[in-house]
Amino acid sequence: MIIVLRPDCKPEQQLAFAEKLKNDYDVKVNTWNGVHSTVLGLIGDTTQIDIEYLDAQDIVESVKRVGEPYKKANRKFHPENTVIEVAGRKIGDGSLHIMAGPCSVESEEQIVGIAESVAKSGATFLRGGAFKPRTSPYAFQGLKAEGLDLMKIARKETGLPIVTEIMRTSHIDMFESVDIIQVGARNMQNFELLKELGKIDKPILLKRGLSATIEEWLMSAEYIMAGGNNKVILCERGIRTYENFTRNTLDVSAIPIIKKLSHLPVIVDPSHASGKSWLVEPLAMAAVAAGADGLIIEVHNDPPHALSDGAQSLTPQQFDSVAKKIFKLKKAL
Ligand code: PEP
Ligand code: MN
């Protein structure tokens, strides 16, 4: 971290400030006295330093971080890839996982039927929303607790571990037997929820916020990890840009960037990234080619009548064809 002091900063103020930094943050402080200003270089773990606090000091002109503000999620401090084991499946070990299923759980017949067909096509997890974050309060909000029970029935019928979204802290106990807890894009910065999820021993699928930078996304992962839960899987699901042909814009570059900056596994959601079922296949292929550890894809038995996200949902037949191509591509890679 680099701190530029104001030109009118007196030598005794500068010394006292450097001393305070050393004591408060356990860092080394290097000082360069220039002609017009003095620069302090902080060496050590600066992740816990509040940059805004330093910026607010009278003698400080500007502050710049040269290292990343996240530590536990940072590859620099954990060079090996994190591999997350869930129900005998390993995410992040170089294999490819496909989580597939409907946007929302709608009925037992629907979720079990979809689970059976996606399992046959090679999906390794079943996705399905029970608590749905919808833009409109009048839209279908999910079957809630009943939806969770139906997901468990589908798991029992097919053996597929389940992935489903949590929306509030008070529901954590209800998600006890869920295999992977999803934190949706809209909750990526629900810090109270992230802190509570940091206290449990369960994999968390952390979706990227609609307008979150990669650093903000990794800081949200850091919130979970700071509490002691290191089982975080990141999910790129498209971000808001000026382009409105698609629902969001898939940030393919985020995949290799995450791989460079972090040791956490990264999966991609081509369904929410595009909003259109015909775009799911090419985006999924691009994600796998760019190094994703997995995909999460929406599949519905009757997309025109789906209670949410029908336009981006594949039929089980379409999913089968997409999965075949994806596995072929993975093999070729
Ligand atoms: C979902 O997975 O159905 C969902 C709501 O996703 P996101 O949070 O990425 O919008
Ligand atoms: Mn959806």
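The values are calculated or read from the model by the stated rules, or taken from the named source; none is laboratory data. Remember, it's a predicted structure, so these values are computed and weren't measured experimentally. Using ideal geometry, Cβ is built from the backbone for each residue, glycine included, and neighbour counts are taken over all protein chains shown. Quick note on the areas: whole protein, heavy atoms, side chains included, nothing else; ligands and nucleic acids left out. Shrake-Rupley method; radii C 1.70, N 1.55, O 1.52, S 1.80 Å.
Listing for the model above:
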{"item": "Scan of segment 268-281 for residues that are within 12 Å of ligand 2 (Cβ to nearest atom) and either in a strand (DSSP E or B) or not assigned by TED's automatic domain parsing to the domain that holds ILE233 (or both), ordered by number", "result": "none"}
{"item": "Residue match in segment 177-191 (condition: open to solvent by 10 Å² or more (accessible area, probe 1.4 Å) and more than 17 Å from the chain's Cα centre (by Cα))", "result": "yes"}
{"item": "Top-ranked residue of segment 52-102 - restricted to ones that are within 22 Å of LYS330 (Cα to Cα) and of a type in the set (Ser, Thr, Tyr), ranked as farthest from the chain's Cα centre (by Cα)", "result": "SER95"}
{"item": "Segment 50-92 - residue that is free of Cβ contacts under 8 Å to residues at least 24 places away in the same chain and not hydrophobic (A, V, I, L, M, F, W, C) and, of those, surrounded by the most Cβ atoms within 10 Å (Cβ to Cβ)", "result": "LYS90"}
{"item": "Close pairs (8 angstrom Cβ cut-off, 6 or more residues apart or separate chains): under 13 Å from ILE180 (Cα atoms) in segment 194-219, surrounded by fewer than 18 Cβ atoms within 10 Å (Cβ to Cβ) anywhere", "result": "LEU197/ILE172; LEU197/GLY227; ILE200/ILE172"}
{"item": "Residue within segment 25-45 that is open to solvent by 80 Å² or more (accessible area, probe 1.4 Å), out of contact with any strand residue (DSSP E or B) (no Cβ under 9 Å at 6 or more places or on another chain), acidic (Asp, Glu) and at pLDDT 95 or above present", "result": "no"}
{"item": "Residue that is least open to solvent (accessible area, probe 1.4 Å) [pool: residues in segment 282-308 that are part of a helix (DSSP H, G or I), of a type outside the set (Val, Ile, Thr) and more than 16 Å from ligand 1 (Cβ to nearest atom)]", "result": "ALA286"}
